[in-house]
Amino acid sequence: MAVKTEPVTINLGPQHPSTHGVFRLRVKFDGEVVLDVEPVFGYLHRGTEKLAESRTYVQIVTLTDRLDYTASMSNNLSYVLAVEKLAGIEAPERAQYIRVICAELARISSHLMATGFLLNDLGAFATPLMYCFRERERILDLFEMLCGARITVSYMRPGGVLQDPPDDFWPALTRINDDLPQYFDELESLITGNEIVLARTRDVGTISLNMPSTPRYLAPYFGQQACNGMSAAPIPMRYMTDWTSTYPSAPSATHLTVTSCASRKCARV
Amino acid sequence: MTRALSGEDVARRINEAHPDTAIHNNDTDVWIRPAAILEVSEFLNSDPDLNFSFLNAVTAVDYVEYFELVYHLVSMQNNTSVVIKSKVFGREELSAPSVISVWQGADLQEREIWDLMGIHFEGHPNMKRVLLWEGFPGHPLRKDFLE
């Protein structure tokens, strides 16, 4: 005779990979079978758009730092570009190049953090994370030179940037630029091919290009992914094309496609 | 880089398939009638040339005289994008068709729009608040919502 069961609703969490208390799942079980899952979130919602309503355009830059504090430069950039588009302003060319350099540095530091924490969560406690943070620190040092802040930079302004980089910024940038490729080789030798990393990541959470069959995804999943022969990231990077046309030796915009060790080349600013 | 299709071109194709649904366009955006959101979405998703199988984001803007729904669409196969917009007039008991049957990714974002902007999506299977609690007075991202 079959055992009579009835569904039970249990709260999983509040748990989140990075912080406690911001996210929980309301799960309906029948025995060990999950019947339904409902995410409950919003505890960390800061109402940035509402805060922005009562501030000036320049003040809002500080709010954009906090949208994602590991990529504050990039968030600054997209905000000031929107303001400039609305106001019909064009930033000076020098400022535009400085912005791209900063956004790229922020991107590298974000990737370093993601890679470090991925390995941390896979069980390689602290060591690879510290390797990643070692280089990330040097990028944050550069940000500190630019504006005095390391995380919440507020460096960009509608119409330009806060100030011109100091003289010692450029040699420091060149040194990082020279060091990063060998650093990525080192990091890659730790990760790519590692049996545990492969066992825990390969074929996990694959997403089909055939959207109608796997439709519950939104943009970030695809931001930097190379999907079967697609030659560029779906998110447009303004100025990237200007950059390559002005400096023919600079990496082409297609380097944004991240495929295994090709990602090393991304690091060359 | 993802190529933005011309709004004029996309508007023409929408009107060829569903006459008089695309009412306005500029370089990158197409404005459609709110009542036609679902049929135009189905067309954009299923048309073999346009192939907009991916809804990047759906959001809403309060322009006080009207609300504007904004759909950012991407074709992963063609590496192209387009922005579809729709003006919803009025302040009370607003509604628009849900596109969840076309792009399931719209699920939480349509709920967020209902929660914060107060536009109800018809045909959404779970149309309830997502960030705020049930019973919260008003929709806080409206311009006339003051602390």
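Structural remarks
- Modelled label reach - B:Glu42, point 7 Å along Cα→Cβ, region B:6-29 residues with backbone N closer than 18 Å: B:14-22
- Relative contact order of chain B, pairs being alpha-carbon contacts under 8 Å that are 6 or more residues apart, as %: 19
- Largest-first principal axis extents, alpha carbons of region B:103-147, Å: 34, 19, 16
- In summary, the lysines within cross-link reach of A:Lys50, defined as a Cα separation below 19 angstrom excluding same-chain residues under 8 places away, comprise B:Lys143.
- Measuring between their Cα centroids, region A:78-95 and region B:107-134 lie 33 Å from each other.
- Alpha carbon convex hull of region B:3-93, projected area averaged over orientations, nm²: 5.7
- Alpha-carbon Debye profile of region B:8-47, log10 I(q)/I(0) at 0.24 Å⁻¹: -0.71
- Centre separation in Å (Cα based) which lies between region A:177-206 and region A:1-75: 29
- Annotation: lysines with alpha-carbon distance below 19 angstrom to A:Lys28 (same-chain offsets under eight excluded): A:Lys4, B:Lys128.
- Reduced Cα scattering model of region A:48-198, Debye log10 I(q)/I(0), q = 0.10, 0.11, 0.14, 0.22 Å⁻¹: -0.41, -0.49, -0.73, -1.33
Any read-out appearing in this document is the output of simple, stated calculations on the displayed coordinates, not a laboratory observation. Given the structure is predicted, the values throughout are model-derived calculations rather than measurements. Here the Cβ is made from the backbone with ideal geometry for all residues, glycine too, and neighbour counts use every protein chain on show.
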